[in-house]
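Note sheet for the following structure.
The values are calculated or read from the model by the stated rules, or taken from the named source; none is laboratory data. What you are looking at is a predicted structure, and each value in this text was computed from that prediction instead of being measured. As a convention, Cβ positions derive from the backbone with ideal geometry for all residues, glycine included, and neighbour counts pool all protein chains shown. Note: accessible area is taken over every heavy atom of the protein model, side chains too, but ligands, DNA and RNA are not part of it. Shrake-Rupley method; radii C 1.70, N 1.55, O 1.52, S 1.80 Å.
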Amino acid sequence: MGAVIKSIGKLIDQSVMDEGIELSMEYFILLNILYDRDNIIQNDLANLMHKDKSAILRQIDLLEKKKLVVRINDSVDRRKKIIMLTKDGMKTVERLREVEADIFNSLLKGISEEDLKIFDSVLNKMRAQV
């Protein structure tokens, strides 16, 4: 299963590069988190991504240089910076999600609905044991 996940990740990375978006899967994950959540700070991102704060800081710095995210002062605690997507960041996530959906749709061609249900059932059983 690990080989399949790694291959899909490489396929997504290549497709993203073909779109002219110079971001790896790690950045895509971070942008997705920001797209789906409000008022998130660096520490929250580090916890969600299971990374240290300094690694997340470097990623945020790069995304800020690319004008995909901004840091905004927290109104309650001035030491905290809320990380938010810019309009370009939102457009980028939406385009990345389209690319991802296209890839998964192409991967699912030729796989029956019954096979997908069995696969989903097996994954759920495995998830329950973790």
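Among the residues that make up the stretch 1-21, is at least one of them closer than 19 Å to LYS91 by Cβ, within 15 Å of the chain's Cα centre (by Cα), surrounded by fewer than 13 Cβ atoms within 10 Å (Cβ to Cβ) and not hydrophobic (A, V, I, L, M, F, W, C)? No, because not a single residue in the stretch 1-21 is closer than 19 Å to LYS91 by Cβ, within 15 Å of the chain's Cα centre (by Cα), surrounded by fewer than 13 Cβ atoms within 10 Å (Cβ to Cβ) and not hydrophobic (A, V, I, L, M, F, W, C). State which residue is least open to solvent (accessible area, probe 1.4 Å) when the search covers only the stretch 82-120 and only residues that are without any contact (Cβ under 8 Å) to a residue 40 or more places away in the chain and of a type in the set (Val, Ile, Thr). Step by step, filter the stretch 82-120, then rank; the result is THR86. Only residues that are outside any loop (DSSP other than H, G, I, E, B) and either among the charged types (D, E, K, R) or touching a Lys or Arg at 6+ places or on another chain (Cβ under 6 Å) (or both) were counted in the stretch 1-41, giving 7.
Quick one: is LEU123 more than 19 Å from GLU26 (Cβ to Cβ), open to solvent by 70 Å² or more (accessible area, probe 1.4 Å), at pLDDT below 95 and among the hydrophobic types (A, V, I, L, M, F, W, C)?
Details: more than 19 Å from GLU26 (Cβ to Cβ): yes; open to solvent by 70 Å² or more (accessible area, probe 1.4 Å): no; at pLDDT below 95: yes; among the hydrophobic types (A, V, I, L, M, F, W, C): yes.
For LEU123, the condition - more than 19 Å from GLU26 (Cβ to Cβ), open to solvent by 70 Å² or more (accessible area, probe 1.4 Å), at pLDDT below 95 and among the hydrophobic types (A, V, I, L, M, F, W, C) - is not met.
Among the candidates ARG71, ARG58, the residue that is in a helix (DSSP H, G or I), open to solvent by 30 Å² or more (accessible area, probe 1.4 Å) and not aliphatic (A, V, I, L, M) is uniquely ARG58.
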